[in-house]
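Novice: Got a structure for you, written out below as structure tokens; questions coming shortly.
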Amino acid sequence: YQSKMSSKEDRAASAALRHTYITFNIDGTYAVAIGDVKEIIDYPKALLQPPGLKKHVRGVLNLRGSLVTIVDARSMYSSGTRNDNSNFESRKVLVFDRNGNHFGLVVDSVESIVTFSDSDKVKLPQLVYDRGEGSISTDISEAVEVTDSHGKKISLLIMNADSIANRASKSFAA
């Protein structure tokens with residue numbers, strides 16, 4: 001495809017395309033497209049504990065008739081332990097539905113909803129992609145620079161929900 005617009009018009013059209021994301025924290029600020037998240041819930045008080053689950057799978061939740069596998073993002077990405085690791089109650093769960101498979105990603109906190117344009121995207125260094133399978137970098141699709149509510153510029157790493165779903169689905173059985 002070759003654009004009929006000038007590069008100035010291309011930039012203006014690109015800036016006009018806006019994307020909305022939910023930001024969350026797991027030892028850093030990440031974001032996922034708002035349309036990819038079915039809902040956000042508090043960490044459940046009770047989970048089913050089927051035998052044979054991997055260590056980063058916290059259990060299974062019956063959420064209004066749908067079974068949701070709860071996956072601890074911190075443990076799945078080996079990003080260390082949190083000081084209050086036993087206190088999951090303060091954490092949030094991002095619930096996803098990918099092709100009928102429901103899973104919840106446990107995050108430290110949900111921060112905000114941000115909107116940005118394509119012109120806010122920044123190029124990630126190749127080193128980010130060379131960290132190997134199992135690292136969080138394999139689920140990162142891009143980065144953006146946005147202004148937070150305090151007027152400070154921050155960088156966000158955008159995660160690909162399909163990649164997260166693929167990793168989570170491999171976690172369901174030991």
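Novice: Return the total of residues in segment 135-147 being over 20 Å from residue 17 (Cβ atoms) and at pLDDT 80 or above.
Specialist: Residues of segment 135-147 over 20 Å from residue 17 (Cβ atoms): 135-140.
Filter again for at pLDDT 80 or above, leaving 139-140.
Qualifying residue count for the region: 2.
Novice: Oh, and also: Within segment 148-171, track down each residue that is modelled with pLDDT under 80 and open to solvent by 60 Å² or more (accessible area, probe 1.4 Å). Break it down into steps so the answer makes sense when it comes.
Specialist: The first filter runs over segment 148-171 and keeps only residues modelled with pLDDT under 80, leaving 148-149, 168-171.
The answer is 149, 170.
Novice: Hey, residue 130 hits all of (1) at pLDDT below 85; (2) open to solvent by less than 50 Å² (accessible area, probe 1.4 Å) but one; which does it fall short on?
Specialist: (2)
Novice: From 32, 60, 68, which residue is out of contact with any Gly (no Cβ under 7 Å at 6 or more places or on another chain), over 23 Å from residue 112 (Cβ atoms) and surrounded by 13 or more Cβ atoms within 10 Å (Cβ to Cβ)?
Specialist: Details: 32 fails: over 23 Å from residue 112 (Cβ atoms); 68 fails: out of contact with any Gly (no Cβ under 7 Å at 6 or more places or on another chain).
That would be 60, the only listed residue that is out of contact with any Gly (no Cβ under 7 Å at 6 or more places or on another chain), over 23 Å from residue 112 (Cβ atoms) and surrounded by 13 or more Cβ atoms within 10 Å (Cβ to Cβ).
Novice: Inside segment 140-154, can you point out the residues that are polar (S, T, N, Q), in a strand (DSSP E or B) and in contact (Cβ under 8 Å) with a residue 12 or more places away in the chain? Full working, then the answer.
Specialist: If we filter segment 140-154 for residues that are polar (S, T, N, Q), which is where we start, we get 141, 147, 149.
Cutting the leftovers down to in a strand (DSSP E or B) gives us 141, 147.
Hit for segment 140-154 is 141, nothing else.
Novice: Condition first: over 22 Å from residue 170 (Cβ atoms) and either modelled with pLDDT of 90 or more or not in a helix (DSSP H, G or I) (or both). Now tell me which residues in segment 6-26 satisfy that.
Specialist: Start the filter on segment 6-26 by keeping residues that are over 22 Å from residue 170 (Cβ atoms), which leaves 6-23, 25.
Within segment 6-26, 6, 17, 18, 19, 20, 21, 22, 23, 25 meet the criteria.
The values are calculated or read from the model by the stated rules, or taken from the named source; none is laboratory data. What you are looking at is a predicted structure, and each value in this text was computed from that prediction instead of being measured. Cβ coordinates were reconstructed from backbone atoms using ideal geometry, including for glycine residues, and neighbour counts include every protein chain displayed. Surface areas here come from the heavy atoms of the whole protein model, side chains and all, with no ligands, DNA or RNA. Shrake-Rupley method; radii C 1.70, N 1.55, O 1.52, S 1.80 Å.
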